[in-house]
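Trainee: The structure follows.
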Amino acid sequence: MQIAVTSQNFRTITGHAGKTRRFLVYRADPDGVAEVERIDLPKEMSLHEYHGDDHPLFGMDVVVTASCGEGFMRRLARHGVNVVATAETDPLRAAQGIAAGRQLPPAAPHTHD
């Protein structure tokens with residue numbers, strides 16, 4: 001299982017997933033969960049800006065974020081990617097929870113202000 005976590009600072013889970021350009025990528029397998037990649041995209045590759053069908057996130061099984069809009073969730077769902085919005089702040093703990101099938105604490109409602 002491939003899990004991408006929105007993390008603009010590569011330390012904590014951050015929000016506004018559609019504008020995020022940095023992601024920690026974890027692989028979950030029977031041996032555990034490990035970080036395998038860091039994605040650092042140019043601005044034009046944020047999903048808010050990018051409109052192609054070959055985005056790096058489209059190869060993930062799950063994207064974890066602190067906040068996102070319905071459009072982000074629908075767009076990833078069209079590519080078979082599940083989106084989890086959570087109040088959890090630790091990327092590894094979130095990836096471990098997803099891999100174990102645990103519910104993560106829900107995120108606060110997403111707003112566009």
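Trainee: Work out, step by step, the length gained on full extension between Ala87 and Glu44: first 0.36 nm times the residue separation, then minus their alpha carbon distance; give nm to one decimal. Present the calculation step by step, with values, prior to reporting the outcome.
Mentor: On the way: separation 43, 0.36 × 43 = 15.48 nm, distance 2.72 nm.
12.8 nm is the gain from fully extending Ala87 to Glu44.
Trainee: If you average 1/r across every pair of different Cα atoms in the chain and take the reciprocal, what Kirkwood value do you get, in Å?
Mentor: Numbers: mean 1/r = 0.0725 Å⁻¹.
After inverting the pairwise mean of 1/r, the radius is 13.8 Å.
Trainee: Using Cα atoms only, what is the angle between the long axis of helix 91-100 and the major principal axis of the chain, expressed in degrees (0 to 90) to the nearest 10?
Mentor: With rounding to tens, the tilt is 70 degrees.
Trainee: Can you give the calculated 222 nm mean residue ellipticity of the chain, where each DSSP H run of n ≥ 4 adds -39,500 (n - 2.57) and the sum is split over every residue, rounded to the nearest 500 deg cm²/dmol? If you can, show how the numbers build up before the last one.
Mentor: Values: 2 runs with 19 residues, N = 113.
The helix contribution divided over the chain gives -5000 deg cm²/dmol.
Trainee: Which whole-Hz ³J(HN,Hα) couplings does segment 73-86 yield from phi under the Karplus relation 6.51 cos²θ - 1.76 cosθ + 1.60, θ = phi - 60°, glycine and proline marked x?
Mentor: Residue by residue, segment 73-86 yields 5, 5, 4, 5, 4, 4, 9, x, 9, 7, 10, 10, 9, 9 Hz.
Trainee: Run through the DSSP bridge list for the chain and note the antiparallel percent, rounded to the nearest 5.
Mentor: 65 percent
Trainee: Just the projected area, averaged over all directions, of the convex hull on the alpha carbon atoms of segment 47-113: how many nm²? Mind showing how you got there, number by number?
Mentor: Values: hull surface 19.9 nm².
Dividing the Cα hull surface by four gives the mean projection, 5.0 nm².
Trainee: Rounded to the nearest Å, what's the spacing between the alpha carbon centres of segment 1-42 and segment 45-113? Just the number, please.
Mentor: 10 Å
Trainee: On to the next question. Let me know the charge dipole size of segment 2-100 about its Cα centre in debye, to the nearest 20, where only the beta-carbon of Lys, Arg (+1) and Asp, Glu (-1) is charged. Write out the running numbers ahead of the final one.
Mentor: On the way: 11 positive and 13 negative charges, 61 e Å.
Here segment 2-100 has a charge dipole of around 300 debye.
Trainee: Then there is this: Counting pairs of alpha carbon atoms under 8 Å apart in space and at least six apart in sequence, what relative contact order in percent does the chain give?
Mentor: Numbers: 237 pairs, mean separation 32.2, N = 113.
Averaging sequence separation for qualifying contacts and normalising by length gives 28 percent for the chain.
Trainee: Quick one: Karplus J couplings for segment 6-17, per residue in order, coefficients 6.51, -1.76, 1.60, θ = phi - 60°, nearest Hz, x for Gly and Pro?
Mentor: 5, 7, 4, 9, 6, 10, 10, 6, 10, x, 6, 3
Trainee: Fewest first, what order do Asp53, Asp90 take by the number of other Cβ atoms within 10 Å?
Mentor: On the way: Asp53 8, Asp90 13.
Fewest-to-most Cβ neighbours within 10 Å comes out as Asp53, Asp90.
Read-outs: derived from the displayed coordinates by stated rules, not from any lab. Everything numeric here is computed off the predicted structure, so don't read it as measured data. Please note: Cβ atoms are built from the backbone with ideal geometry, for glycine as well, and neighbour counts cover all protein chains shown.
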